[in-house]
Amino acid sequence: LGSAFLRLALSLWLPPGYEDNSVYQWWAFLVNTAPINTFYTSLKIIDYPPIFVYVLKGIGWFYQHTFSPHFFLGTPAFKALIDLPLILCDAGTSLLLYRRVRRHGMSRTAFWVAGLWVLHPAVILDMD
């Protein structure tokens, strides 16, 4: 849980890596301002499954109704909301690793494996 808060703080502080966050913000804007069934037909370069688009729609809806009624892109709040599912997935992966190793009766090793996952630099910096 502590690593999730650390990564959320880092996501606000670190500059975006490959502009993925900006693209995800744009996609969230698109699926919230037009019917969702036109998303794949209007943009020809989308290579993500529909479930991700629904996640972006939910994030965009929450952002628009909570932080920005005019749907301003590029705000720290929107960046954090876009990064949140990625952070939660990494926390879930850590939990799965912990439970899997602990199932074999190695509680201390399970703690270290989960800790190595959440503290690995590649996992921390792969937020965008």
If the viscosity is 1.567 mPa s and the temperature 4 °C, what Stokes-Einstein diffusion coefficient in µm²/s follows for segment 34-82 when Rh is the Kirkwood radius over Cα pairs? 110 µm²/s
For the chain, inverting the pair-averaged 1/r of distinct alpha-carbon atoms gives a Kirkwood value in Å of 16.0 Å
With only Lys, Arg, Asp and Glu charged, each at its Cβ (+1 for the first two, -1 for the last two), find how big the charge dipole of the chain is about the Cα centre; round to the nearest 20 debye. 600 debye
Hey, what's segment 1-121 come to in accessible area per residue, 1.4 Å probe, Å²? 67 Å²
Cα-centred dipole magnitude for segment 53-103, charges only on beta-carbon of K, R (+1) and D, E (-1), debye, nearest 20: 380 debye
Rounded to the nearest 10, the angle in degrees between the Cα long axis of helix 20-33 and the longest principal axis of the Cα atoms of the chain comes to 50 degrees
Would you work out what percent of the accessible area of the chain, with all protein chains in place, is carbon or sulfur (probe 1.4 Å)? 70 percent
Mind listing which trypsin sites (Lys or Arg not before Pro) in segment 48-128 are in a DSSP loop and have 10 or fewer other Cβ atoms within 10 Å? 103
What is the Cα centroid distance between segment 76-112 and segment 49-68, reported in whole angstrom? 23 Å
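The values are calculated or read from the model by the stated rules, or taken from the named source; none is laboratory data. What you see is a predicted model, and the numbers here were worked out from it, not measured in a lab. Because the Cβ atoms are built from the backbone with ideal geometry, glycine has one as well, and the counts that use them run over all protein chains shown. Only protein heavy atoms, including side chains, enter the accessible area calculation; ligands, DNA and RNA are left aside. Shrake-Rupley method; radii C 1.70, N 1.55, O 1.52, S 1.80 Å.
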